[in-house]
Amino acid sequence: MPLPSSLFEALQRMAAQQAWQYVYPVWSRRAQGLSIGINLHPNQCCNWHCIYCQVPGLHRGPSPVIDLDHLQEELSACLHWLRQHLHAAKRIFSEDVQDIAFAGDGEPTTSPQFPEALALVERLLSQTSPTDRPARVRLITNGSQMHLTTTQQALKVLQQMGGEVWFKLDAGNDPEMLAVNDARLPLSLHLQRLQACSMACRTWVQTAVMQRRIADQLVTTPALAGYVQALLPLKENIEGILLYGIARPSQQDTLASIQAPDIRLLQQYAQALRTQGFNVRLFA
Ligand code: SF4
């Protein structure tokens, strides 16, 4: 993982000075560099409550109304600023800006305005020279809305844009989904949504591996065997798996019950998946 660039730090200062509400620069471990995040939930509302979530003040509730004009202004200003600085430094835009990523402080696809926000990004990028665009557009999602026609239509737009989805799968059975994501959703249904997602757009699975302290015992989640079995039928559908440990402190784990796995444990998971033919990227 490269160290945060001075470009990122300067952009972060500008975002703070201008008090951007929807657009935020982030130095992303998984994107391997500068990512321009889009937050459709500045009210910190999500329909899940993952135990490792880093969002302070996270709560359940409805998506807020997004001021799309305001979002457009912030994103235009961000892209314009990056263009100016990268041109001046004779840098290549797509090498320094890894993506525009729908992520933020809640699940992006629960916002009824997600399709419009995606269309806005598409419009802005289509008005920009191909050499002045980020490497890609991404949707980072818990996958809970993938059964909806509106979401699937938006995914097809994302696919046409050359974008991709990172789909959360942290469990290999129903109790793990409840314990890790606080989602009362059968795993089988979640896997159906993963399949629907992968049929509409290029999809990577993203999985947080962690250890949870339960009655003085450390239990690794997801348990390897069940997780691999759950994914096997979808091997041909997905691009691969982003496997990572817990890097930043959780804001939800009030009992301090989770901890990051040892790198050797992560490597063991990666090896087991690769043996089954999966493409795995590991982020310790
Ligand atoms: S889905 Fe994402 S935003 Fe929602 S609780 Fe989980 S980690 Fe946090």
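The values are calculated or read from the model by the stated rules, or taken from the named source; none is laboratory data. Just so it is clear, the model here is predicted, and its values are computed rather than measured. Note that we place each Cβ from the backbone using ideal geometry, even for glycine, and neighbour counts take in every protein chain shown. These accessible areas exclude ligands, DNA and RNA; they are computed on the full protein's heavy atoms, side chains included. Shrake-Rupley method; radii C 1.70, N 1.55, O 1.52, S 1.80 Å.
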_Lys/Arg +1, Asp/Glu -1 at C-beta; the chain dipole; positive extreme among Thr110, Thr221, Gln252_ = Thr221
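What do you reckon, how do Leu148, Leu231 stack up by accessible area (1.4 Å probe), largest on top? Intermediate values should be presented prior to the final figure.
On the way: Leu148 65, Leu231 0 Å².
Putting Leu148, Leu231 in descending order of accessible area: Leu148, Leu231.
Divide by every residue of the chain the summed helix terms, -39500 (n - 2.57) for each DSSP H run of at least 4, and state the resulting mean residue ellipticity at 222 nm, rounded to the nearest 500 deg cm²/dmol. All intermediate terms of the calculation are to be shown ahead of the outcome.
Numbers: 8 runs with 97 residues, N = 284.
The helix contribution divided over the chain gives -10500 deg cm²/dmol.
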*For the range 42-54, 3J(HN,Hα) per residue [Karplus equation, 6.51 cos²θ - 1.76 cosθ + 1.60, θ = phi - 60°, Hz, x = Gly/Pro]*: x, 8, 6, 9, 9, 8, 10, 9, 5, 5, 9, 4, 9
*Report the far tail of the P(r) of the chain, meaning the percent of Cα-Cα pairs longer than 37 Å.*
12 percent
*Sites excluded, trypsin sites (Lys or Arg not before Pro) in DSSP loops with at most 13 other C-beta within 10 Å, longest stretch of the chain*: 185-284
*Considering amide H positions built from the backbone, and no H for Pro or chain starts, which residues 5 or more places from Thr203, or on another chain, come under 5 Å of its amide H?*
Val165, Glu239
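What does the convex hull of the alpha-carbon atoms of the range 109-156 project to on average, in nm²?
3.6 nm²
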*Out of residues 5 or more away from Ala101 or on other chains, whose amide H comes under 5 Å of its own, with H placed 1.01 Å from N in the peptide plane?*
Ile36, Gly37, Ile38, Arg138
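Can you list the chymotrypsin sites (Phe, Trp or Tyr not before Pro) in the range 212-284 that are in a DSSP coil and have 15 or fewer other beta carbons within 10 angstrom?
Working: sites: Tyr227, Tyr244, Tyr269, Phe278, Phe283; in loops: Phe278.
When the chymotrypsin sites (Phe, Trp or Tyr not before Pro) of the range 212-284 are filtered for loop state and at most 15 Cβ neighbours within 10 Å, nothing remains.
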